[in-house]
Each structure stands twice: as structure tokens, then as C-alpha cells.
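The values are calculated or read from the model by the stated rules, or taken from the named source; none is laboratory data. Note that the structure is predicted; figures quoted are calculated from it, not measured. Cβ sites come from the backbone with ideal geometry, for glycine too, and all protein chains shown count toward neighbours.
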Amino acid sequence: MNHYSLSQWKLFFTSLIHLRLSLTTLVVHTGSSEQTEGILDRDTLKPLLDLSNLVVLKIYPTTGFDLDNEALRELSAAWPWLRELELIDSQVGVQPRITLPGIVRVVLNCPHLEDLAITFDASAVGYLPESSSDNCNKKLKPLKVGRSPIKDFVNVAAFLLDLAPNLTTIKMSNDHHPDMIEKWGHVARLLQTFGKRRVPVVQAL
């Protein structure tokens, strides 16, 4: 089995900086025989701040991510052209530090975002002003939540509808807790009720 330290991850990301003008797609998979020693954090991902022309960014480390709202805000602000972002955490039983306000930042910082996959804590819902052209993203349709925890599915649905009024699909990990799968399913159905013009689809990955 190959083992990759956080310093090796950072070195790899740093090696891409010379491509910052031309690199638009970055997809990084770790195979079944590869293991990351440590969780990818803000410092490890910091070299990616220079890749401002990214359109697609998907990273799949075996150990997941350790990011908070501020780290997500800083990273997403560097990628204004992003259309697809996948930072799904593969850790089981670990409470994510990214919360719904962090999702607001990435969705608004990336106005072209069409596809988002990220693990976040949806347990606490803050207030989001009524959607307008300045504080919502009408291009985002599928949202992949992985094993994101959730409590109040009604307010989460209302929150997401304000943030992404054309949201059509909620996807979650098929090994998520049954109670969480049920609540995210309620979110999708409420999006249909609230939006009236959309047909959300719930899928298990």
C-alpha cells in the first residue's frame, strides 16, 4: 500500500501552480491501494488558491477533509469560474466543521457553480435573506451531501431554496444513517412543494 503524507499532497498541489493559466480541470482520486496519512486541511489545499481558472475541481482523499467555513470561503473566492466542486468527506462518524453559512459562501463566491458535492453540518440553520439576483445561485441543481448530518429538514429545505432556487437533486451516501437519509429525503420533497416548478430527485450514491 502506498502512503501519502500531507506534505506530499501539498507538494503535488504546489507543482501545479505553473499551470495556473491553462489548468481548468483537476480531478484527484486515491485508489484502494493508496492511503493518505492525515486529513487534508486548509494549509494542504492552500496552493490551489493560485489556480484561479479552475472550472472543475474534484478531490477524493481516503481520509477526508478538515475544513471550516473560513477555509471554504477563502478557497472558493479564488475559483470564480468553478462549475463543479466535489470535496466529499469519506470519514465516518466525524462531525464536519463546515456549516450552512459556509455553503452560502461557496455558492455565492462561485456564481457559475452547477454541481456541488460537499459534506457539511446542516444541524443548525441560520437566517438567509429572501433570494435575489445578488444572494442566490440559479445555476446550481444537484447537491450531493454525502453523510452530512441534519435535524430540522423543513428549515434546511427553505434555506437551500433561498440559496439555490433551481435546486433539483439531493444525493446522499447510501451508507448514511437511515434517519439522516429520511430527513434529506424530506428536504427534496419540500423543495418540490416550495418550488412548485421543480421536480427534485432523491438518490443514494
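If you go through the range 53-110 and keep only what is hydroxyl-bearing (S, T, Y) and assigned to a helix (DSSP H, G or I), you end up with just S76. Considering the range 38-58, the residues that are β-branched (V, I, T) and at pLDDT 95 or above include one that is surrounded by the most Cβ atoms within 10 Å (Cβ to Cβ), namely T44. Residues in the range 79-96 that are modelled with pLDDT of 95 or more and more than 20 Å from L163 (Cα to Cα): 0 in all.
Collect the residues in the range 54-89 that are among the basic types (K, R) and farther than 24 Å from H18 by Cβ, keeping them in residue-number order. Lay out the reasoning, then the answer.
Keep residues of the range 54-89 that are among the basic types (K, R), which gives 58, 73, 83.
Across the range 54-89, the qualifying residue is only R73.
Sort through T169, T193 and tell me the only one that's farther than 27 Å from V94 by Cα, out of contact with any helix residue (DSSP H, G or I) (no Cβ under 7 Å at 6 or more places or on another chain) and at pLDDT 80 or above. Spell out how you get there, then give the answer.
Details: T169 fails: farther than 27 Å from V94 by Cα.
Within the list T169, T193, the selection yields T193.
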